[in-house]
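Just so it is clear, none of the values below were taken in a lab; they were calculated from the coordinates. This one's a predicted model, so the numbers in the text were calculated from it and none came from an experiment. Cβ coordinates were reconstructed from backbone atoms using ideal geometry, including for glycine residues, and neighbour counts include every protein chain displayed.
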Amino acid sequence: MPDYQKTKVACYLGLVTQAISANFAPLLFLKFHNDYDISLGNIALISTFFFFTQLLVDLFCAKFVDRIGYRVCIVTSEICAAAGLVGLAFLPDLLPNPFTGIIISVIIYAVGSGLIEVLCSPIIEACPFKNKEATMSLLHSFYCWGAAATILISSLFFFLFG
């Protein structure tokens, strides 16, 4: 019988990635406002674009995941999340309009976050773990741990380095 421990760890880390995607940009809202002179109305649109994109991915995911395959989609989700977060570091400075760079990055990592949200639970559910309820509870707790770590590490970094 195959060992599914690596799959379980990958799904746990996937929810940490989702937490980073959902919680990192809001920590930078004041910096976006001050450094790029983005209005507070546009700052509010950043979260709107994130959640709207994530909802669209959730809505359409079921139609294409079965055709493409879970493995391809979950790997794509991590690539999108990473690409969007890296883009958040560079695109605002590379594009003529920093807000456009932020929105492009947010949409890219929201696609990854949406895929993670829809795929990790069914993947864990499909694995033959002995105590599935506890495994599922622990899976969902990793979002909370990821969010807390993101906020704590980012706040510490901003305190130390500005």
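For a quick check, take a GNM of the chain with Cα springs below 10 Å and name the residue from 41, 101, 146 with the largest mean-square fluctuation.
41
I want the local charge near residue 42. Using Cβ-Cβ distances under 15 Å, sum +1 for each Lys or Arg and -1 for each Asp or Glu among the other residues. Before the final figure, lay out each step's value.
Details: positive: 31; negative: 35, 37.
Once all neighbours under 15 Å are counted, the net charge is -1.
Using helices alone, I'd like the mean residue ellipticity at 222 nm for the chain: each DSSP H run of four-plus residues gives -39500 (n - 2.57), total over residue count, nearest 500. Could you put the intermediate results ahead of the total?
Details: 6 runs with 144 residues, N = 162.
Calculated at 222 nm, the ellipticity per residue is -31500 deg cm²/dmol.
Cut-off 19 Å, label point 7 angstrom out along Cα-to-Cβ of residue 9: give me the residues of the range 76-117 whose amide nitrogen falls inside.
78-79
Pulled fully out, how much extra length does the chain show between residue 141 and residue 67, if you take 0.36 nm times their separation in residues and subtract their Cα-Cα distance? Intermediate results must be reported in sequence, preceding the final value.
Numbers: separation 74, 0.36 × 74 = 26.64 nm, distance 2.97 nm.
So the extension gain works out to 23.7 nm.
Helix 5-27 against the longest principal axis of the chain: what's the angle in degrees, Cα atoms only, rounded to the nearest 10?
20 degrees
With +1 on each Lys and Arg Cβ and -1 on each Asp and Glu Cβ, how big is the dipole of the chain about its Cα centre, in debye rounded to the nearest 20?
Numbers: 8 positive and 10 negative charges, 78 e Å.
About 380 debye.
On a 0 to 90° scale, report how tilted helix 40-68 is relative to the longest principal axis of the chain, with both axes built from alpha carbons and the result rounded to the nearest 10.
For helix 40-68, the angle is close to 30 degrees.
Would you kindly state how much longer the chain becomes between residue 35 and residue 78 on full extension, computed as 0.36 nm times their sequence separation minus their alpha carbon distance, in nm to one decimal?
Working: separation 43, 0.36 × 43 = 15.48 nm, distance 2.87 nm.
Between residue 35 and residue 78, full extension yields an extra 12.6 nm.
Along the Cα→Cβ direction, 7 angstrom out, place labels at residue 130 and residue 152. What is the inter-label distance in nm?
3.0 nm
Just to confirm my numbers, what's the Cα centroid distance between the range 22-43 and the range 88-104 in Å?
12 Å
Check the cysteines of the chain one by one and keep only those with no other cysteine Cβ under 4.7 Å from their own.
Result for the chain is 61, 73, 80, 127, 144, no neighbouring Cys Cβ within the cutoff.
Taking neighbour Cβ counts within 10 Å as the exposure measure, how do 150, 17 sort from fewest upward?
Working: 150 19, 17 23.
Starting with the residue having the fewest Cβ neighbours, the order is 150, 17.
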